[in-house]
Amino acid sequence: MTSLASAATSSTSDFSRAFKASVAAGSVSATVDLIYISTFSYLMAGVMPARILKSIATGLLGPDAFNGGAGVAALGFVCHYVILIVAAALFWMAARRIPFLTQRAVLAGVLYGLAIWLVMNYIVLPLSAAPKFNGSMLGKVCNFAAHLVLIGPSLALTIKRFATKL
């Protein structure tokens, strides 16, 4: 009976650790991304952060999201964080089996940032209700670079911090 209770406690502890790591890493990378894209969009085109969040909500609501208010912006905010928390959970699960992902977290983060960019641009966005955005070449290059330099590495380094406490 004691070993069953111990196994249950260990399983709960593992889940709790995975959950905390995923929420932390997803939140860090989502925040870094929102700071980057809000700053870039404002400096380049005067676009306010609420419009960025509404553009995220178009994935669920379509172009009408741009006509919504604070609730639609909040939906975009939640969607953005959920997407990156799920991405972090997938990275956590992979890192538990592939030591390279935490041993070389920056390189793994760059590669994972590339994977996130590819999945978002070639699977998620085309299947969503979001309209096709025709940004500038500079915007597209900077978005790509942000995934490689900011989003992926911040996620991987945060996961590494939790993984080293095993």
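Some notes on this structure:
- Qualifying residues in the stretch 62-95 (those that are surrounded by 20 or more Cβ atoms within 10 Å (Cβ to Cβ) and of a type in the set (Gly, Ala, Ser)) - the one farthest from SER154 (Cα to Cα): ALA65
- Sole exception among (1) farther than 15 Å from SER27 by Cα; (2) of a type outside the set (D, E, K, R); (3) touching a helix residue (DSSP H, G or I) at 6+ places or on another chain (Cβ under 7 Å); (4) part of a helix (DSSP H, G or I) for VAL124, by number: (3)
- Being closer than 21 Å to SER154 by Cα, among the charged types (D, E, K, R), at pLDDT 95 or above and touching a Phe, Trp or Tyr at 6+ places or on another chain (Cβ under 8 Å) is true of LYS20.
- Every pair of residues 6+ apart whose Cβ atoms lie under 7 Å, when the first sits in the stretch 40-61 and is surrounded by fewer than 17 Cβ atoms within 10 Å (Cβ to Cβ) while the second is at pLDDT 95 or above and outside any helix (DSSP H, G or I): TYR42/MET48; LEU60/ALA129
- Among the numbered conditions (1) at pLDDT 95 or above; (2) within 30 Å of ALA163 (Cα to Cα), the only one that ARG96 does not meet is (1).
- Failed item in (1) crowded, with 18+ Cβ neighbours inside 10 Å; (2) more than 13 Å from the chain's Cα centre (by Cα); (3) closer than 24 Å to ALA129 by Cβ, with THR102 passing the rest: (3)
- Among the numbered conditions (1) part of a helix (DSSP H, G or I); (2) at pLDDT below 95; (3) among the hydrophobic types (A, V, I, L, M, F, W, C), the only one that VAL110 does not meet is (2).
- Count - residues of the stretch 121-151 that are within 16 Å of the chain's Cα centre (by Cα) and within 16 Å of ILE35 (Cβ to Cβ): 7
- Flag if ILE123 is surrounded by 15 or more Cβ atoms within 10 Å (Cβ to Cβ) and of a type in the set (A, V, I, L, M): no
- Checklist (1) assigned to a helix (DSSP H, G or I); (2) farther than 21 Å from ALA30 by Cα; (3) not small (Gly, Ala, Ser) applied to VAL149, failing item: (2)
The values are calculated or read from the model by the stated rules, or taken from the named source; none is laboratory data. What you see is a predicted model; the values in this text were computed from it and never measured. No Cβ is skipped: glycine too gets one built from the backbone with ideal geometry, and neighbour counts run over all protein chains shown.
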